[in-house]
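J.: Handing you this structure, nothing more for now.
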């Protein structure tokens, strides 16, 4: 803890961060659950984010990257380390697709990792740019969407991604005795879109130490005035599906084409909708949504997730895979 106090002071004296101590975290997650963290920092620039990562690596202090907090169940006991929030990294820049030659009606939106996807969609629609309408209302950030290859209405982030800038952790070197002689360090890299590296709700970043700092989306200029109505129709469908009725994280489990039907339908057919454990409930209107119905804890949500997996496995033989992450 003394080490954390020193780190807090170090970040506090810098003008590159907003710093908060002893933070109640529940309000920062869409599920509205979770304990406290002793230190939360908000880098104001991408360079500051890189500096924070390398500072914490050097001090061997655990850290957690927080984007929109919309796909995460945060532990009731909190987090004994530093939470790095990307909320202040929210700039959007419209750029030509190719700087040195004409690209016709195609342009790029370069978005910092903390930019909310819905903000990006609204920016695109306002500026008569099409290609992102299906993501209207998607909770979470560009960084999170890129990390998990978010999918909405049969359209994936990988369908519109051009280039991603990220920080990659280079392992420390071992000396002759087997010990680490150099501290691991993050360096800036870029990744051009390659279809072979992406799949259903999987990206080149999923399950890695890589930290996305910005995402470039490929969109097109349009004179079609209907894009606003199109985007609004997807938002309306989210509302009608009950995504915003109670605190939740949207779909809990991935769909699997091998099952022959959506996961929500499987849960529904097993009569599990409305099932509760503590304050957590399988949404009465959708089998693949778990809601915080009544002051649920992360323990309640985890128990309900495991209950659904066990029921589906025992009655259908299918192994469900969570889409949400537990920390």
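J.: Go through (1) over 23 Å from the mean Cα position of the chain (by Cα); (2) buried (at least 16 other Cβ atoms within 10 Å of the Cβ); (3) modelled with pLDDT of 95 or more for residue 184 and report which single condition fails.
T.: Of (1) over 23 Å from the mean Cα position of the chain (by Cα); (2) buried (at least 16 other Cβ atoms within 10 Å of the Cβ); (3) modelled with pLDDT of 95 or more, only one is false for residue 184: (3).
J.: Could you grab me the full set of residues in the stretch 137-159 that are surrounded by fewer than 24 Cβ atoms within 10 Å (Cβ to Cβ) and part of a strand (DSSP E or B)?
T.: 151, 152, 155, 156 - these are the residues of the stretch 137-159 that are surrounded by fewer than 24 Cβ atoms within 10 Å (Cβ to Cβ) and part of a strand (DSSP E or B).
J.: Shifting gears a bit: Kindly provide the set of residues from the stretch 6-23 that are in contact (Cβ under 8 Å) with a residue 24 or more places away in the chain and touching a strand residue (DSSP E or B) at 6+ places or on another chain (Cβ under 9 Å), ordered by number.
T.: Matches in the stretch 6-23: 7, 8, 11, 16, 17, 18, 23.
J.: Kindly indicate whether residue 152 is farther than 25 Å from residue 44 by Cβ, out of contact with any helix residue (DSSP H, G or I) (no Cβ under 7 Å at 6 or more places or on another chain) and modelled with pLDDT of 90 or more.
T.: The answer is no for residue 152.
J.: Checking the conditions here, which among 91, 100 is under 30 Å from residue 218 (Cβ atoms) and modelled with pLDDT under 95?
T.: Going through 91, 100 in turn, the sole match is 100.
J.: Inspect all residues belonging to the stretch 253-264 and state whether any of them is under 24 Å from residue 74 (Cα atoms) and part of a loop (DSSP other than H, G, I, E, B).
T.: Yes.
J.: Which of (1) within 30 Å of residue 296 (Cα to Cα); (2) loosely packed, with under 15 Cβ neighbours inside 10 Å; (3) at pLDDT 95 or above is the odd one out, the single condition residue 234 does not satisfy?
T.: (2)
J.: Could you list, in sequence order, the residues of the stretch 25-62 that are under 19 Å from residue 141 (Cα atoms) and part of a strand (DSSP E or B)?
T.: Those that are under 19 Å from residue 141 (Cα atoms) and part of a strand (DSSP E or B): 40, 41, 42, 43.
J.: Can you pull out the residues in the stretch 104-136 that are at positive phi and surrounded by fewer than 20 Cβ atoms within 10 Å (Cβ to Cβ)?
T.: Hits for the stretch 104-136 are 104, 128.
J.: Which residues, taken from the stretch 208-236, are under 19 Å from residue 50 (Cα atoms) and outside any strand (DSSP E or B)?
T.: 208, 209, 210
The values are calculated or read from the model by the stated rules, or taken from the named source; none is laboratory data. Keep in mind that what you see is a predicted model, and the values were worked out from it rather than measured. Ideal geometry is used to build each Cβ from the backbone, glycine not excepted, and the neighbour counts take in all protein chains shown.
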